[in-house]
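Written out below as structure tokens is the structure these notes cover.
The values are calculated or read from the model by the stated rules, or taken from the named source; none is laboratory data. What you are looking at is a predicted structure, and each value in this text was computed from that prediction instead of being measured. Here the Cβ positions follow ideal geometry from the backbone for every residue, glycine too, while neighbour counts run over all protein chains shown.
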Amino acid sequence: MGKPLLDPFPENLISMQTALITGVTGQDGCYMAELLLAKGYRIVGAVRDAQKTAAALPPGLADHIEVVDWNMHDSENMVKVLTRYQPMEFYNFAAYSSGAGMFDDPVAIGEVNGLAVARMLEAIRTTDPAIRFCQASSSELFGEATESPQSERTPFQPRSPYGAAKLYAHQMIRIYRQHYGLFACSAILFNHESTRRGLGFVVRKVTHEVARIKLGLANELCLGNLDARRDWGYAGDYVRAMWLMLQQFSADDFVIATGEPHSVRELCECAFGCVGLSYQDYVREDVAAFRPAEPMLLVGNASKARDQLGWRPQIGFRELVARMVDADLQMLRQTLDIN
């Protein structure tokens, strides 16, 4: 089905399957919007500033999304939006970012990543308890993990304000599901990347700098511990898992991961190899940028998602990295008018 042309008056579209997406301008929100539009959904993007949102959306997407002002701190605003647009599905991607910002402004992180989720659940409960809700949660719930790989049964031990706020949201979802009967669930997402990832994340940092080095715009890439390992997947695969979660008979939480850890060294080898270069000639390891050693490797066990959702990642690590390098090369060439 092609992308629908949306009527600006929501009352004329009540019969269409409607999904509300917060954080629609971010990596995951964009991929979710594209997935649902391809399935014939009507998409409502709940954003901080509706007037500025169109410019932040990928080309071609803005014309097919209705945007509405959304305040993560205002319960009354949430109720009004849910009442007006009557979504059947609700995907929450709005959050302070992880990565280097996990300790920035702990109070604000707690408000947006934690307490705001409780406001959303309460707005659903008081407006329409039939709305199905999916939270983009995080492997940072596990923090100082007691076992590896991590599954839904692994104890949570967050080690940052970001992880602690996500844990509060996760627990509130469980409470609203059990006590009020809401169809609310958490997708415990391990690291997931794409060409839309921000430069503050190591995979995009590497692919972007590889492109700059290939084009003669840089000659060195400085990184932390090259032997650090992560479970990296493709963002498009992970939002598909979240959609599958809301199509089930009953709500539940799922770890979404590839189960295949890769080192930063492997990442560099793959990314530089995509442009015919050797990473040893350009990468410098900065001991000062090393993170504390982790007692357990953070890698996800997604067997529950495979068994119950029928979900499997479709894009592997090397294909993902190659796509990101190619996209960064193309972007830089267009920006700088380089052939």
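Every residue in segment 1-35 that is at pLDDT 75 or above and touching a Phe, Trp or Tyr at 6+ places or on another chain (Cβ under 7 Å), please. Selection gives Gln17, Thr18, Ala19, Leu20, Ile21, Thr22, Gly23, Gly26, Asp28, Gly29, Met32, Leu35.
Of all residue pairs spaced 6 or more apart or on separate chains, those with beta-carbon atoms under 6 Å, a first member in segment 314-337 that is over 13 Å from Val206 (Cα atoms) and a second member that is of a type in the set (A, V, I, L, M) and assigned to a helix (DSSP H, G or I) are Leu332/Ala211.
Evaluation of Ile213 against the conditions (1) buried (at least 23 other Cβ atoms within 10 Å of the Cβ); (2) in contact with a Phe, Trp or Tyr (Cβ under 7 Å, 6 or more places away or on another chain); (3) not hydroxyl-bearing (Ser, Thr, Tyr) shows that the sole unmet condition is (1).
Conditions tested, residue by residue: (1) within 17 Å of the chain's Cα centre (by Cα); (2) farther than 16 Å from His170 by Cβ.
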residue: Pro87; (1), (2): no, yes
residue: Ala94; (1), (2): yes, no
residue: Ser97; (1), (2): yes, yes
residue: Val107; (1), (2): no, yes
residue: Ala123; (1), (2): no, yes
residue: Ala130; (1), (2): no, yes
residue: Gly143; (1), (2): no, no
residue: Thr154; (1), (2): no, no
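Identification of helices (runs of 4 or more DSSP H) wholly contained in segment 213-323 with 3 or more residues that are assigned by TED's automatic domain parsing to the domain that holds Ile21 yields 235-245. Among residues belonging to segment 187-212 that are more than 26 Å from Phe254 (Cβ to Cβ) and not in a loop (DSSP other than H, G, I, E, B), point out the one that is nearest to the chain's Cα centre (by Cα). Ranking the qualifying residues of segment 187-212, first place goes to Lys205. The set of residues in segment 77-109 that are hydroxyl-bearing (Ser, Thr, Tyr) and at pLDDT 95 or above comprises Thr83, Tyr85, Tyr91. When segment 13-68 is filtered for residues that are among the polar types (S, T, N, Q), without any contact (Cβ under 8 Å) to a residue 24 or more places away in the chain and part of a helix (DSSP H, G or I), only Gln51 remains. Within segment 101-114, can you find the residues that are surrounded by fewer than 16 Cβ atoms within 10 Å (Cβ to Cβ) and free of Cβ contacts under 8 Å to residues at least 60 places away in the same chain? Passing the criteria: Phe103, Asp104, Asp105, Pro106, Val107, Ala108. Look at Leu37 and say whether it is over 17 Å from Arg196 (Cα atoms) and touching a His at 6+ places or on another chain (Cβ under 7 Å). Answer is yes for this residue. Based on what the data block shows, is Glu76 of a type outside the set (A, V, I, L, M, F, W, C) and over 22 Å from Tyr180 (Cβ atoms)? Spelling it out, it is not the case that Glu76 is of a type outside the set (A, V, I, L, M, F, W, C) and over 22 Å from Tyr180 (Cβ atoms).
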